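See structure below.
The values are calculated or read from the model by the stated rules, or taken from the named source; none is laboratory data. Since this is a predicted model, take the numbers as computed values, not measurements. Backbone-built Cβ (ideal geometry, glycine too); neighbour counts: all protein chains shown. Only protein heavy atoms, including side chains, enter the accessible area calculation; ligands, DNA and RNA are left aside. Shrake-Rupley method; radii C 1.70, N 1.55, O 1.52, S 1.80 Å.
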2 protein chains.
Amino acid sequence: MVTTNRHTSATGEASHQVLSATAATVHWGYFSRSLKPVLSVKSGDFVTIETLTHHAYDDHARMIEGDPGAESVFHWTKDAKSVDRRGAGPMDASVHGRGAGEGFGVHICTGPVLVRDAEPGDVLEVRILDVKPRGCRNPAFEGRAFGSNAAAWWGFHYNDLLTEPKPREVITIYELDTTGGRNWARAVYNYRWVPQTDPFGVVHRIIDYPGVPVDHALVQENHSILKGLRIPVRPHFGVIALAPKETEIVNSIPPNYVGGNIDNWRIGKGAVMYYPVAVPGGLFSVGDPHASQGDSELCGTAIECSLTGTFQLVLHKRDRLARTPLADLGYPLLETSDEWVVHGFSFANYLAELGDTAQSEIFAKSSIDLAMRDAFRKMRHFLMTTKGLSEDEAISLMSVAVDFGVTQVVDANWGIHAILKKAIFPGDPG
Amino acid sequence: MVTTNRHTSATGEASHQVLSATAATVHWGYFSRSLKPVLSVKSGDFVTIETLTHHAYDDHARMIEGDPGAESVFHWTKDAKSVDRRGAGPMDASVHGRGAGEGFGVHICTGPVLVRDAEPGDVLEVRILDVKPRGCRNPAFEGRAFGSNAAAWWGFHYNDLLTEPKPREVITIYELDTTGGRNWARAVYNYRWVPQTDPFGVVHRIIDYPGVPVDHALVQENHSILKGLRIPVRPHFGVIALAPKETEIVNSIPPNYVGGNIDNWRIGKGAVMYYPVAVPGGLFSVGDPHASQGDSELCGTAIECSLTGTFQLVLHKRDRLARTPLADLGYPLLETSDEWVVHGFSFANYLAELGDTAQSEIFAKSSIDLAMRDAFRKMRHFLMTTKGLSEDEAISLMSVAVDFGVTQVVDANWGIHAILKKAIFPGDPG
């Protein structure tokens with residue numbers, strides 16, 4: 001962790017607050033610089049934040065039933081929907097016929113949390129101190145937690161299937177142990193998506209709107225799948241975001257320079273993230289909890305599983321950043337116990353680079369070729385700025401010792417990450 | 001390791017032969033189905049093979065001087081060159097003005113080794129039992145080994161430099177310890193390439209021909225670089241190849257369905273590779289030895305360092321492959337103690353897919369977007385064929401537990417690999 005200031009000691013004892021996920025504390029599918037904060041913290045404070053997966057309605061009995069927070073957020077009858085805006089689209093639900101917000105953006109995000117004194121140009125350090133799966137509150141499944149993997153229309157595989165019916169969307173429900181007895185997940189069953197009619201009467205032929213209730217009387221559950229397989233558990237948050245400054249309402253899907261939907265499974269317990277602050281107060285939100293994900297998130301989702309995280313938020317003021325690892329930081333940076341990781345995207349700041357139509361354009365320009373270029377430039381920047389190497393040194397080191405991997409190929413603004421091992425710099429306290 | 005047959009016991013005791021690298025036992029920059037084998041083995045035999053880096057002349061004193069094998073291969077005076085053909089280009093050295101073979105292909109490969117009874121459709125298993133750096137034979141550098149990293153014109157960074165002069169090529173010499181005292185490499189010095197005149201009088205303004213002698217009186221050595229940095233050592237072979245069947249002389253740079261220049265640092269000691277046999281006898285060659293490389297090999301090369309490997313070659317006959325992990329294997333497959341790894345390329349078999357001009361076309365179509373597609377399809381094939389999963393199971397598993405990484409972005413036919421952990425299948429002896 002980077003120690004450039006001592007805000008905690010300068011402003012009194014750190015507090016520890018808890019932020020539950022309810023209809024009143026979440027925003028669904030978008031970020032906005034104009035959202036009213038649901039909590040305010042000072043640098044050095046701790047906060048425990050509940051997050052809910054937007055895929056919980058894929059199995060209501062296992063992921064919603066009996067859970068007051070989840071029931072509050074997912075409540076939807078023919079007369080009322082708890083969270084009306086879902087996504088960054090028009091609030092007039094008739095424009096595209098899917099519902100309010102039109103589903104341009106999918107993630108349930110808890111927050112935003114205002115960080116006092118945070119100003120554009122500062123860096124917010126987010127220390128992830130703990131991550132726990134949210135145990136099922138339905139007595140029928142006590143001691144267990146569940147997640148959903150959707151192989152969906154936005155997946156990399158979708159137009160490239162071998163077997164019939166083509167195309168198709170498939171939901172796989174996975175189970176985790178919450179007693180600590182095992183560190184792997186197992187598949188419970190899967191089903192193919194069939195058209196679902198939401199409580200307002202809109203038919204969803206594909207998974208086109210977040211949180212549509214799935215009627216299990218209509219689907220065929222297959223319980224003999226992935227028999228005996230053990231999925232390594234890697235609990236992490238797909239989305240940790242500050243609010244971007246460029247646009248009023250920003251789709252939660254494409255990651256950007258202030259973070260968002262990075263979908264790197266390394267952003268779990270023990271990890272530290274650094275983000276440039278773009279708007280006053282930063283406006284920190286967390287969502288898209290994942291139990292497990294592979295590098296690439298190939299089919300469109302991870303094991304989407306509600307989690308609770310404990311964070312410490314540390315503000316680094318812009319006038320104290322020179323000659324620290326955070327100097328000139330214009331992108332989300334990950335630190336683990338062993339590694340520094342930079343995140344490249346097809347477009348580093350698509351909102352600024354692609355102009356007025358950025359939020360639709362970005363979906364047409366997904367490319368890991370472009371993301372590789374961005375990851376190269378960011379790692380070079382890190383090595384030259386933070387580690388003080390010449391460009392010749394940085395480029396040789398990258399080729400012989402930095403590992404580039406595919407973060408995701410499903411979030412419009414596709415990602416490549418670059419991993420630098422700290423052990424390369426043995427004399428460096430960093 | 002896969003046990004589908006018992007060729008060793010069926011045909012007598014396994015032998016262990018040694019194949020030294022000399023001008024008579026190497027081919028430089030190309031593969032060919034017509035090369036005369038330099039050694040013949042039967043299934044189950046062991047062979048220790050010396051390999052030489054084609055970058056040794058970047059520092060003659062440290063990587064060639066006093067080493068009879070290297071001196072034999074690199075010998076080049078105004079009157080004679082030990083290895084005349086270097087690459088897959090025309091033998092008339094005047095066509096492009098660079099020299100015989102014209103440098104279309106760069107790697108010094110030791111071999112080929114003929115595997116008796118190997119026929120198209122069989123699979124050759126290559127067990128890498130040991131890998132050792134080739135100690136310097138110059139008494140001035142006893143107990144040490146050296147390698148060269150070239151940030152060259154074919155690197156991903158080359159047209160995207162920040163600092164002057166632009167563009168430029170930079171050689172960095174690294175040192176390894178051969179006494180076992182440390183498992184990391186350190187940089188010794190670097191220099192920028194300046195035009196070099198080869199012994200035949202051809203001027204090389206860029207690194208356009210393999211093995212051009214570098215006159216150190218012409219370059220500026222900088223010895224204060226990468227001070228104190230420890231590069232993790234990952235000795236491996238960039239090139240392990242069988243001969244392709246499609247074309248007579250094949251450039252060694254683009255990897256393909258029978259292996260070749262895959263450049264995955266995991267192909268080191270303890271690894272097992274499986275290749276489809278394309279021509280009678282297989283024609284197995286090894287080269288492009290690397291001391292360390294990061295995923296992506298960003299600047300064009302690794303720490304290019306002569307190595308000696310010990311291999312066991314096991315032939316799996318095509319009629320014994322059904323219901324084994326090798327069933328229907330049409331691509332190079334890596335097995336480590338913990339993982340299965342498939343290799344995707346921009347074009348899985350560019351020689352067949354791109355037609356008569358494949359060997360030039362492939363350089364214009366480099367893309368990790370395409371390689372990601374191929375890696376997805378190969379991992380799906382592996383999971384469905386070898387592991388017996390349905391397509392729905394395979395796709396979900398890939399998204400939640402398979403890691404895709406960037407193998408290389410510098411070998412024309414760019415690479416993405418996909419890593420599957422064996423521990424996911426706890427009941428599987430595979």
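A few notes on this one:
- Residue among B:Phe156, B:Ala217, B:Pro276 farthest towards the positive dipole end of chain B, charges placed on Cβ: B:Pro276
- For the range B:308-314, the Karplus equation 6.51 cos²θ - 1.76 cosθ + 1.60, evaluated at θ = phi - 60°, returns couplings of 10, x, 10, 10, 10, 10, 10 Hz by residue, with Gly and Pro reported as x.
- Look at the Cα gyration tensor of the range B:1-118: its axes a ≥ b ≥ c give a/c of at least 1.5 with a/b over b/c, and that counts as prolate.
- Taking a ≥ b ≥ c as the square roots of the Cα gyration tensor eigenvalues, the protein assembly as shown comes out prolate, since a/c reaches at least 1.5 and a/b is larger than b/c.
- Buried accessible area, chains B and A (both chains, 1.4 Å probe, Å² to nearest 100): 5300
- Summed over the residues of the range B:36-84 and divided among them, the accessible surface reaches 35 Å² per residue at a probe radius of 1.4 Å.
- For A:Ser224, inter-copy label distances in nm, listed shortest first [label point 7 Å out on the Cα-Cβ vector]: 7.2
- When A:Lys78 is represented by a point 7 angstrom out along its Cα-to-C-beta vector, the spacings to that point in the other copies are 9.9 nm, nearest first.
- Helix B:391-401 and the longest principal axis of the C-alpha atoms of chain B enclose an angle of approximately 50°.
- Charges were assigned to the Cβ only: +1 to each Lys and Arg, -1 to each Asp and Glu. The resulting dipole of the range B:283-430 about its Cα centre is roughly 480 debye.
- Calculated [θ] (222 nm, deg cm²/dmol) that DSSP helices of n ≥ 4 give over chain B, each run adding -39,500 (n - 2.57): -3000 deg cm²/dmol
- Part-to-part distance (alpha-carbon centres) for the range A:215-261 and the range B:213-287, which is given in Å: 38
- The C-alpha atoms of chain A define a longest principal axis, and helix A:368-381 lies at about 30 degrees to it.
- Debye, to nearest 20: dipole size of chain B, +1 on Lys, Arg Cβ, -1 on Asp, Glu Cβ: 600
- Burial of accessible area (probe 1.4 Å, heavy atoms of protein chains only) in the range A:391-430, relative to its chain alone, reaches at least 40 Å² for A:Glu391, A:Asp392, A:Glu393, A:Ile395, A:Ser396, A:Ser399, A:Val400, A:Asp403, A:Phe404, A:Val406, A:Ile424, A:Pro426.
- The amide H of A:Gly260, built 1.01 Å from its N in the peptide plane, has A:Ile240, A:Ala241, A:Leu242 as neighbours under 5 Å, considering only residues 5 or more places off or on other chains.
- Here the accessible area is traced with a 1.4 Å probe on the protein chains. For chain A, carbon and sulfur cover 52 percent of it.
- Counting, for every residue in A:145-156, the Cβ atoms of other protein chains within 10 Å of its Cβ and taking the mean gives 2.
- Shape call, the range B:369-430: gyration tensor on alpha carbons, a/c limit 1.5: prolate
- Coupling constants for the range B:141-146 follow from the phi torsions by the Karplus curve (6.51 cos²θ - 1.76 cosθ + 1.60, θ = phi - 60°), and in residue order they are 10, 4, x, 10, 9, 9 Hz; glycine and proline get x.
- Among beta bridges that DSSP assigns inside chain B, antiparallel share in %, nearest 5: 90
- Members of A:Lys269/B:Lys132; A:Lys365/A:Lys387; B:Lys42/B:Lys132; A:Lys269/A:Lys317; B:Lys42/B:Lys245; A:Lys166/A:Lys421 lying beyond 31 Å, as alpha-carbon distances in this model show: A:Lys269/B:Lys132; A:Lys365/A:Lys387; A:Lys166/A:Lys421
- Legend: residues in the range A:182-200 shielded by at least 10 square angstrom of accessible surface upon adding the remaining protein chains to the isolated chain (1.4 Å probe, heavy atoms) are A:Asn190, A:Arg192.
- In sequence order, the range A:219-234 has phi-based couplings of 9, 9, 7, 10, 9, 9, 10, 6, 4, x, 7, 10, 8, x, 8, 9 Hz under the Karplus curve 6.51 cos²θ - 1.76 cosθ + 1.60, θ = phi - 60°, and Gly or Pro positions carry x.
- Distant-in-sequence amide H partners of A:Gln17 (H built 1.01 Å from N, under 5 Å): A:Phe46, A:Val47, A:Thr48
- Loop sites in the range A:282-349: trypsin sites (Lys or Arg not before Pro), DSSP, at most 11 other Cβ within 10 Å: A:Arg323
- Placed amide H near A:Ser292: partners under 5 Å, 5+ positions off or other chain: A:Arg234, A:Ile303
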